[in-house]
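Read-outs throughout are calculated quantities, based only on the coordinates presented, and are distinct from any laboratory measurement. Bear in mind that the values here come from a model prediction, so they are computed numbers and not experimental data. Note: ideal-geometry Cβ built from the backbone for every residue, glycine included; neighbour counts use all protein chains shown.
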Amino acid sequence: MEKKTDFKALSNKAKAQYIWDYYKWPIVLTVAIVSFVVYMIYHYVTYREPFLNVIMINCNDSISATADGFDEFLTEYGYDPKESPVSLSSSLHFSEGEYSMSYNDYQVLTMMIAAGDQDLFFGTGNVFTDYAEQGALIDLSTVLPAELLEQYQDSLLYSTDGGEADSYPCAIEITDNAWLKKNNYYDTCYFGIFYQNHNLEASVQFAEFLLGYDSK
């Protein structure tokens, strides 16, 4: 007959090993549940709804690009970066003429735009111009000062929204912008505001901040 282990007689190390050997999976499960609950509580307490949602395609550093560059704008316009965070999606990259290699990114981008609530759109290449010309972006002449658009009149991208309306300026090609270069987002890119945005006031404020940055 097997002698029952005298738990009290074991050393502290042996007690720990005994408990682990016999109760390993209940311990693992309990720790996992507690960790998940703590994470959910922390996430709920610290979560802040994005103040602006930004999509950047084909940016210079698609892997490590962060929204930290937008803190300058937030601070200048009196917003607290901690209370009014910017959500940046910068991982999408599209190779010109290689549709098959970018198929998943096309799907992701299409779903993000179709879902709405995206505010600002930066990018390069035919992918950006295709979405812009198909009506994904707002008519800039309805939200930006005429004198500001006049400064960029030779860099405006126009959309006819499928030929159903008169053409309108939907995006601007921006070259050698100090803010974009300082944050290593782009050297040259297109910029526009999504038609289905969720914070038009802040989107317009940012557009004025960006387009007027070099004149400060």
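By DSSP, the beta bridges lying fully in the stretch 52-215 are antiparallel in about 65 percent of cases.
Let's test the formula: R0 of 25 Å, r as the Cβ-Cβ distance of GLU83 and ALA146. What FRET efficiency results, to the nearest 0.05?
Working: r = 33 Å, r/R0 = 1.33.
After rounding, the FRET efficiency stands at 0.15.
The alpha carbon centroids of the stretch 105-170 and the stretch 173-192 are separated by 16 Å.
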